[in-house]
Amino acid sequence: MSRSLLGVLFCVIFVSVNGRFVVEKESIRVLSPYKLRSKHDAAIGNFGVPKYGGSMVGSMVYSHQNSYACKPFDDEKKQPFKTHILLVDRGECFFALKVWNAQQAGAAAVLVTDDRDEPLITMESPGENADADGYIDKIGIPSALIDRSFGETLKAAVQKAEEDVVIKLDWRESMPNPDQRVEYEFWTNSNDDCGIRCDEQMNFFKDFKGHAQILEKGGYTMFTPHYITWFCPAPLVLSDQCKSQCINHGRYCAPDPEKNFGMGYQGKDVVFEKLRQLCVHRVAKESNRSWVWWDFVTDFHIRCSMKEKRYSKECAEDVLKSLNLPVEKIKDCMGDPEADVENDVLKIEQYRQVGRGSRGDVTILPTLIINDVQYRGKLERTAVLKALCAGFQETTEPPICLSGDLETNQCLERNGGCWGDSKSNITACKDTFRGRVCECPVVNGVQYKGDGYMSCEEFLEEDEFFFSDIKVLLSKFPRSSCKSDASGSGRCAINSGGCWSETKYGETISACSDSDITGCRCPPGFRGDGHKCEDINECSEGLACQCEGCSCKNMWGGYYCSEKLHIMEEDTSIVPTTERNPTKFGWFLALLILGAVVSAAFVGYIFYKYRFRSYMDSEVMAIMSQYIPLDSQHHNQVIQHENESLRPVSSGV
């Protein structure tokens, strides 16, 4: 059987098994004229840069002289279609060439009107032979195919020129964004000698590796590589073609990269390397290092290039060792390619090639799938990163998605239309990749609540149930008695909790106290309702320094009397304006205590000495009366004599 016939069999077998193709779409709304207002679907072109997660509004234009856009437009340098959406007809040249010519004329986007009544199809880029000028990679505007009837309606409205035809292209729902993690997969090849497509993939690996690893390490994404293989028809398993292109007895095959079965690299070499790269990802993922796959494929294509005849098992294992990957464990994962058994890793890959859910079959390389939807557009670092960012649930995007290179921060101008407090520099506007959302913020542990557009009020979330009861009680009093809605610990750090605050002489005094969970009270030395406080002049009102000969001087928040400043420090928010000097009083108190201690010690010593001596005298007299029975006169002389002889001893105790 010829080589070409075998290739046809591979394709027929692969496509015939539950073949399924899905057209990725965007929505189009006609905004004016009013009578044409409607919504339609359009098939996203598989080249250029679709604005995933965003939208575009523009006026339609149509050129009668160059309706197919197969040649450059007149006055191209003047960009006659600048900021407009160009409508062109299908036919006579490649889709990509039409879009390229429109881009050169300044068009912001292109809609291609189908020339037949049929379901929408995906506009693909031409093969490498048709891209001699290399314009496909230079296309940077979005494009889409619309059905014939809708296109004819738009053309008729533009030709009447009664009113501008304004449409909105919307890609916000083209990329699912269900949660805070994006799951994506890349169907690729293991060799680099397959023309423009392989070069495109190799460049993408090198350019996107940094972004991919940052997202993976941060837990923002889950990436999985995939590789396409075919199987050999049973009657041809023992043929030379199958033996050279397949492993595991014809179960997993790849075309001969050099299209020559007799020499050079064979298809089974490519399959074997695909299997190795799959196992690199699987083993690295088990040790929570799945991002190392990007290092391996990048280094492998540099060090083990098929173009340079270094594509080999030995070179691949050298790369594994340099990245500290377990060579033997990866070999165990790969299994025996010569055995007549199923390979668990490659079997799963063939199963996943078939489309399910919102994804179609994978039939061409490269193919990028994001959140189970096939990515459309050129395989370029920034374009792919934008598509990934569109896959995050709004407000959960990683910081890299909010950089100025990818999106415009709508919160920088008029708070994005959201509530804001310029005094405290607080806003409810939160920048997102898709635009912005207005949500009351959390500042210093204090939760603001409101609609985010017109109002946000401070509220501590943990006190919600408690304050619901308080509000019932407060509702019985006039609103003027409870002007501040600030509550919770930390509330005074934000705009003084809505209470009075003033700074003088380098000191700040506020009517807000963290010891109070709500409300405002003027601090000691001031009077007012808490929202406005005035200094009390204690001297003029006779509230201080009433002692004879005392002099009184009023100060901000206190007074000075007989060279002493009196301030009631009941609130932690009050800062004394003059420091006290406790040195003299401290020394006096210390000397007083020391004198009391010395006096107590002396009295104790005298008391101790007297009691001990009396005790010893009585004990000696008792002992001698038992052992020396004399007459009374002699007895008294002995006692007197003994007492005199004992006195020196007693005094020494």
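The values are calculated or read from the model by the stated rules, or taken from the named source; none is laboratory data. Predicted model, so just to flag it, every value in this text is computed and none were measured. As a convention, Cβ positions derive from the backbone with ideal geometry for all residues, glycine included, and neighbour counts pool all protein chains shown. Each accessible area value is taken on the protein alone, full model and side chains, heavy atoms only, with ligands, DNA and RNA left out. Shrake-Rupley method; radii C 1.70, N 1.55, O 1.52, S 1.80 Å.
Can you give the net charge of the other residues whose Cβ lies under 11 Å from the Cβ of Gly58, counting K and R as +1 and D and E as -1? Residues near Gly58 contribute +1 overall.
For Asp421, the residues whose amide H sits under 5 Å from its own are Ile426, Thr427, ignoring neighbours fewer than 5 places away on the same chain, with H placed 1.01 Å from N. Heavy-atom accessible surface of region 74-223, averaged per residue, reaches 46 Å², computed with a 1.4 Å probe.
How much length would be gained if the chain were fully extended between Leu31 and Ala161, taking 0.36 nm per residue of separation minus their Cα-Cα distance, in nm to one decimal?
Working: separation 130, 0.36 × 130 = 46.80 nm, distance 1.54 nm.
This chain segment gains 45.3 nm when fully extended.
For region 66-184, the carbon plus sulfur part of the accessible surface works out to 44%, probe radius 1.4 Å.
Ordered from largest to smallest accessible area (heavy atoms of protein chains, 1.4 Å probe), the residues His226, His84 come out as His84, His226. Ratio to report: Rg/Rh of region 102-212, with Cα atoms as the point set and Rh obtained by the Kirkwood method; give two decimals. On the Cα set of region 102-212, Rg over Rh gives 1.04. Return the carbon/sulfur percentage of the accessible area of region 307-376, one whole number, probe 1.4 Å, all protein chains in place. Answer for region 307-376: carbon and sulfur cover 48 percent of the accessible area. Of the whole protein surface, Val354 contributes about 20 Å² of accessible area at a 1.4 Å probe radius. Model label sites at Thr396 and Trp556, defined 7 Å from Cα along the beta-carbon direction, differ in position by 5.1 nm. At the residue level, Thr363 shows approximately 60 square angstrom of accessible surface with a 1.4 angstrom probe and all protein chains present.
Efficiency by 1/(1 + (r/R0)^6): what FRET value for Lys331 and Tyr351, r their Cβ-Cβ distance, R0 = 25 Å, to the nearest 0.05?
On the way: r = 24 Å, r/R0 = 0.94.
Computed FRET efficiency for Lys331 and Tyr351 comes out at 0.60.
Sequentially through region 95-109, phi angles give Karplus couplings (6.51, -1.76, 1.60; θ = phi - 60°) of 4, 5, 5, 4, 5, 4, 5, 5, 4, 5, 8, x, 5, 7, 7 Hz, Gly and Pro residues having no value and appearing as x. Taking the square roots of five times each eigenvalue of the Cα gyration tensor of region 289-379, the equivalent ellipsoid has semi-axes of 27, 20, 14 Å, listed largest first. A simple rule links phi to the HN-Hα coupling: the Karplus curve 6.51 cos²θ - 1.76 cosθ + 1.60 with θ = phi - 60°, which for region 388-404 gives 5, 4, 5, x, 8, 4, 4, 6, 10, 5, x, x, 4, 7, 9, 6, x Hz, with x for Gly and Pro.
For Glu457, the residues whose amide H sits under 5 Å from its own are Lys449, Gly450, ignoring neighbours fewer than 5 places away on the same chain, with H placed 1.01 Å from N.
Need the full-extension length gain, Val57 to Lys423, defined as separation in residues times 0.36 nm minus the C-alpha distance. One decimal, nm.
Details: separation 366, 0.36 × 366 = 131.76 nm, distance 3.59 nm.
Working it through step by step, the gained length comes to 128.2 nm.
Of Asp372, Asp170, Asp340, the residue with the largest accessible area leads and the full order is Asp340, Asp372, Asp170 (1.4 Å probe). Extension gain for Arg381 to Ala600 (0.36 nm times residue separation, less C-alpha to C-alpha distance): 70.0 nm. Our coupling estimate for region 135-146, obtained by passing each phi through the Karplus curve with A = 6.51, B = -1.76, C = 1.60 and θ = phi - 60°, is 6, 4, 5, 8, 6, x, 10, x, 8, 7, 9, 10 Hz, Gly and Pro reported as x.
Within the shell defined by Cβ-Cβ distances under 12 Å, the residues around Arg282 carry a net charge of 0, with Lys and Arg each +1 and Asp and Glu each -1. Across the cross-link table entries Lys243/Lys329; Lys423/Lys504; Lys309/Lys347; Lys206/Lys285, which are compared at the Cα atoms, the separations over 22 Å belong to Lys243/Lys329; Lys309/Lys347.
Counting only heavy atoms of the protein chains and using a 1.4 Å probe, Arg381 has close to 110 Å² of accessible surface.
Checking every one of the GluC sites (Glu not before Pro) in region 301-376 against DSSP loop status and a limit of 16 other Cβ atoms within 10 Å picks out Glu308, Glu338, Glu342. The distance between label points at Asp318 and Glu183 comes to 3.9 nm (points 7 Å beyond Cα on the Cα→Cβ vector). Distances between placed amide hydrogens fall under 5 Å for Lys25 paired with Ile44, all partners being 5 or more residues away or on another chain.
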